[in-house]
1. Sort HIS239, HIS172 so that the residue with the fewest other Cβ atoms within 10 Å of its own Cβ comes first and the one with the most comes last.
2. At q = 0.11, 0.15 Å⁻¹, work out log10 I(q)/I(0) for segment 147-275 with the Debye formula, treating every Cα as an identical point scatterer and leaving solvent out; two decimals please.
3. Quick one: pull the percentage of alpha-carbon pairs in segment 202-266 with a separation above 20 Å.
4. Please identify the chymotrypsin sites (Phe, Trp or Tyr not before Pro) of segment 181-230 that satisfy two criteria: DSSP loop assignment and at most 14 other Cβ atoms within 10 Å. Which are they?
5. For the chain, with a Gaussian network of springs between Cα atoms less than 10 Å apart, report the residue from ILE58, ILE304, ILE245 with the top mean-square fluctuation.
6. Taking only Cα atoms and a 10 Å spring cutoff, compute GNM fluctuations for the chain and point out the largest among GLU212, GLU283, GLU251.
7. Mind checking segment 241-345 for trypsin sites (Lys or Arg not before Pro) that DSSP puts in a loop (not H, G, I, E or B) and that have at most 13 other Cβ atoms within 10 Å?
8. For all pairs of alpha-carbon atoms in segment 217-345, what percent lies in each bin of width 10 Å, listed from the first bin to the last filled one?
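We did not get these values from a lab; they are worked out from the coordinates using the rules stated. Everything quoted here is computed from the prediction, not taken from an experiment. Heads up, the Cβs are rebuilt from the backbone with ideal geometry, glycines too, and the neighbour counts pull from every protein chain shown.
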Amino acid sequence: MNESTLEWSGPDLLDLAPVARADGDLLALDASGGLHCIDLRSGQATRLGAVELPAQTIENPGAFGLDSRWRLHASADGEFAALVFDGGRQGLVVDLAPFRVALRLDGGDYYQNTVPFSACFLSFQGDTVLVHRTAWNRLDASDPRSGRLLTARGPTSYENGERPPHYLDYFHGLLRPSPSGTLLFDAGWVWQPAGVPCVFDAAAWLASNVWESEDGASKRRLVLRDDWNLPACWIDDDHIALGGIAQWDEEEAENVAAPAGVRIVDVRQGTLTPDRIVVTSAEPKELFSDGRSLFATLGGDTAIWSLGSGECVTVLSGFAATHHHPRCRMLLQALPRRIRFVALD
């Protein structure tokens, strides 16, 4: 596989997000708050504008296995970007044409340092929707252009000491929409503490039941384990890959010892179908998939596994993938002063 490098001369790069725009394939966020669109074929970068990134304080770096930093999310068409601080409560949404701050986000201040800022874009009935945490135990959906709340509902926290209907005792974490955007994966935790990754039907949430994210019929717990800030990626609309294969022993109140690896879960069949286990040489830092292969960043390398044969077919030594561009069929490694990318066969 051929590797290419794009040198970066501006302020340090903080994050990337794949898009499909007329002027490029990749959005980039730099340390000054600048947003750029990069054409991966020509290497041309177009500055779209800049925002002020509020100063953040990281009291205990690396706690809970969390990399506290600014994260960039983008709608698939590249019309909107969300800039959020993992481990913090602040974020903002930018409408890129014309360039303006469309929405300011607040994820709440209760144990926000334990989880990434829950946010993602998905498409619903042809419109772009932003899903974002508005309290430790509440997700909402908004129209990123107007800021209109799409999931207005009653209280989700105690009022006057009374527990509200549909109360959810759950700290929302990393969000990953399924390829079609129908299902939403949520890597949150509950008090022990223990990680309890879940899925629910985002389409039903937006169309018919605003309580689907709390206790809807589609909500399903995938596994119980000690950690929650672990990588995850969808393989298709029915299967998701979860970093780490250890499971929680409720009697012992701890994880059962297990080797490093990836657990592939059938989210629709649940316990009716045994999870598929892929043992790896180290715990994955990142996971990506194109539906045929599983790409796992292991330390400073990236291993490529065939989902058909279950075999590791290639190791990209010295290349630690941080992003996957499905449309361009590329793996990328974002560094402060350069972007490395490998074209997939």
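1. Details: HIS239 21, HIS172 27.
Fewest to most other Cβ atoms nearby, the residues stand as HIS239, HIS172.
2. After summing over all Cα pairs, the log10 values are -0.42, -0.76.
3. Numbers: 911 of 2080 pairs.
Counting every Cα pair in segment 202-266, those more than 20 Å apart make up 44 percent.
4. Details: sites: PHE185, TRP189, TRP191, PHE200, TRP205, TRP211, TRP228; in loops: TRP191, TRP211, TRP228.
In loop regions of segment 181-230 (DSSP not H, G, I, E or B), the sparsely surrounded chymotrypsin sites (Phe, Trp or Tyr not before Pro) are TRP191.
5. Largest GNM mean-square fluctuation: ILE58.
6. Highest fluctuation among the options: GLU251.
7. Details: sites: ARG263, ARG268, ARG276, LYS285, ARG292, ARG327, ARG329, ARG337, ARG338, ARG340; in loops: ARG268, LYS285, ARG292, ARG327, ARG329, ARG337.
Loop-located and lightly packed - ARG292, ARG327, ARG329, ARG337.
8. In order of increasing distance, the bins hold 12, 42, 32, 12, 2 percent.
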